[in-house]
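I'd like to ask some things about the structure below.
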Amino acid sequence: MMKKQLLCCCIASVLFLGGCSKKEEPQTAQDEYSDVSGSVESEAETETGVLSPVILSKTAVQPLPLIDGDILGNFPDDDYRYASPARFPLNIVERRDDQDTHSFDQIAAILKQNLKLRDDQILVMGRESGPMEGMDQVLFDLTNDQLYQFANNLAINYIRMLKTPIIKPKGEFETTEQYQLRVEQTKAELEAYQVDYDVNLLQNALNKAMRRLYINNGFANPDYQYDADKGILTLKLEESASSRRLETLLTLPMAAADAQELVKGSGWARAYIMDFKQNHLKVSGVLFFKFRSQITQQQRVGGESLIYTQVYKPLKFEQKSSDTWVEPNIDFATLPFKDVLNSPANQFEFGLKHYLSAETYTKQWEAKRQQAE
């Protein structure tokens, strides 16, 4: 049967899980659950001393330039690649309400610990909601390296932003000595907040502008085919964002009972496990997860169960995509699928090699704006 894990999450605050207690899960002849309750505090203790692989040292980049006293990066809101890090931080916990257990930060921490993922493995699952809601969100499209380019730019701009001191001009009643002292103090304090571009930051950047990767739309079952003789499930997943369209074929080895529960159930989302090696990323596995309420109408005090499957190694992972804004006359039905497991995008090198600097982007954006006038 599908190996599922049950975690009863009791929210003690917005920033961490705490005070979890074991809850009895109704069982049937087809389902067996094991209780792996735990708090984020204990997870943090487990990871103490563990360092995320560094992609780019904070010493390798310069601060972002200032324009009229503000950090360069206040680009149009519909361009998430260069939204100002001051308004678009990568290291905050999502906030919807005090009982929220659905945030990316919490799910990722739980899954990485309980699945015993390595420090060089990341999760891509998208976000239920957050700062990017209502904006032009991205798709998990690996037919090209555009997603990687965007995430790489965002992460590097973020560490550059953290190195950029914003110092108010000398005050009318401020002495030169006082002003110089304030400048030195600001620069010294800034050093405490600087970070390296590591795998954890890359994980946040990849997930930041992506919606939660559900396997169905609304209440409809996903499009699928199941070969009962071979025990192989193929999911056909369709997604869209603005003018972009993406279709994914995901072929997985899966027992009949597990496949039935997945495609006939509701609320399942998928998470991709990606291996990071020598500054490259590649999909190595996929799992599915959902939430189940652990409270009754008479006991609405918080708490939900995070249920997740084993990790499946894809037999095939194919995608095709189009952007009608770029190619308005393209026939999507005739487009061939591309092999994601052996995609050229796997050769994308994270770091400075493919970084489009904020300075260069600003000039390009300004030139396009002037042409449009």
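Matching residues to (1) at pLDDT below 95; (2) in contact with a Pro (Cβ under 8 Å, 6 or more places away or on another chain); (3) within 30 Å of P65 (Cβ to Cβ):
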{"residue": "D275", "(1), (2), (3)": "no, no, no"}
{"residue": "V301", "(1), (2), (3)": "yes, no, no"}
{"residue": "I330", "(1), (2), (3)": "yes, no, no"}
{"residue": "Y355", "(1), (2), (3)": "yes, no, yes"}
{"residue": "Q364", "(1), (2), (3)": "yes, no, yes"}
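Scan the range 189-199 for residues that are in contact with a strand residue (DSSP E or B) (Cβ under 9 Å, 6 or more places away or on another chain) and either aliphatic (A, V, I, L, M) or buried (at least 21 other Cβ atoms within 10 Å of the Cβ) (or both) and report the count. Quick ask: steps written out before the conclusion?
Taking the range 189-199 first, the residues in contact with a strand residue (DSSP E or B) (Cβ under 9 Å, 6 or more places away or on another chain) are 196-199.
Next, from what is left, pick out any that are either aliphatic (A, V, I, L, M) or buried (at least 21 other Cβ atoms within 10 Å of the Cβ) (or both): 197, 199.
Selection size over the range 189-199: 2.
Another one. If you go through the range 221-250, how many residues are in contact (Cβ under 8 Å) with a residue 12 or more places away in the chain, loosely packed, with under 14 Cβ neighbours inside 10 Å and not in a strand (DSSP E or B)?
3
To continue, here is another question. Filter the range 169-222 down to residues that are among the charged types (D, E, K, R) and within 30 Å of K290 (Cα to Cα) and give me whichever is farthest from the chain's Cα centre (by Cα). First the steps, then the outcome.
Looking only at the range 169-222, we keep the residues that are among the charged types (D, E, K, R), and these are 170, 172, 174, 177, 182, 184, 187, 189, 191, 196, 198, 208, 211-212.
Those still in the list that are within 30 Å of K290 (Cα to Cα) too: 198, 208, 211-212.
Values: D198: 14, K208: 5, R211: 9, R212: 9 Å.
Taking the candidates together, the pick is D198.
The values are calculated or read from the model by the stated rules, or taken from the named source; none is laboratory data. The shown structure was predicted, so the numbers you read here are calculated from the model rather than taken from an experiment. Note: ideal-geometry Cβ built from the backbone for every residue, glycine included; neighbour counts use all protein chains shown.
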